[in-house]
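Here's the structure, in structure tokens; my notes come after.
The values are calculated or read from the model by the stated rules, or taken from the named source; none is laboratory data. Source: prediction; values computed, not measured. As a convention, Cβ positions derive from the backbone with ideal geometry for all residues, glycine included, and neighbour counts pool all protein chains shown. With ligands, DNA and RNA removed, areas are computed over all heavy atoms of the protein, side chains included. Shrake-Rupley method; radii C 1.70, N 1.55, O 1.52, S 1.80 Å.
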Amino acid sequence: MVCRKIELKSGMCLLDIGCGWGRFMNYAAENYGIIYGGLTLSKEQAVLSQ
């Protein structure tokens, strides 16, 4: 629903602040073809979200 509301389209860039494990970014990249980056305070989450 969020991807539709912000009208994501292939090639757009997305920055997810507080990305956690990166599930939203991965979903958006797989389904909408976006380019993404994420920020999290957790070292473990940063490593696994790539």
Practice prompt. Hey, can you grab everything whose amide H is under 5 Å from the amide H of Gly38? Only 5+ residues off in sequence or another chain; H modelled, so Pro and N-termini drop out.
Written response: Asp16
Worksheet item: Between Gly20, Gly37, Cys3, whose Cα lies farthest towards the positive end of the dipole of the chain when Lys and Arg beta carbons carry +1 and Asp and Glu beta carbons carry -1, centred on the Cα centre?
Response: Cys3
Worksheet item: Percent of accessible area on the chain owned by carbon and sulfur, 1.4 Å probe?
Response: 58 percent
Item to complete: Obtain the nm distance between the two label points defined at Ala46 and Ile17 by a simple spin-label model: each point lies 7 Å from its Cα along the Cα-to-C-beta direction.
Response: 1.7 nm
Response to the item:
With x for Gly and Pro, the residue-by-residue ³J(HN,Hα) of region 16-33, computed from phi through the Karplus equation 6.51 cos²θ - 1.76 cosθ + 1.60 at θ = phi - 60° and given in whole Hz, is 9, 8, x, 6, x, 7, x, 4, 5, 4, 5, 4, 5, 5, 5, 9, 10, x
Fill in: Residue-normalised accessible area of the chain, expressed per residue, 1.4 Å probe, Å²
78 Å²
Worksheet item: Any idea what the dipole of the chain comes to, in debye rounded to 20, about its Cα centre with Lys/Arg Cβ at +1 and Asp/Glu Cβ at -1?
Response: 100 debye
Worksheet item: Just from its helices, what would the mean residue ellipticity at 222 nm be for the chain, if runs of 4 or more DSSP H residues each count -39500 (n - 2.57) and the sum is divided by every residue, rounded to the nearest 500 deg cm²/dmol?
Response: -9500 deg cm²/dmol
Discussion item. With a cap of 10 neighbouring Cβ atoms within 10 Å, and only residues DSSP puts in a loop, list the GluC sites (Glu not before Pro) found in the chain.
Written reply: Glu7
Worksheet item: Given H placed on each backbone N at 1.01 Å, which residues far from Met12 in sequence or on other chains put an amide H within less than 5 Å of it?
Response: Ile35
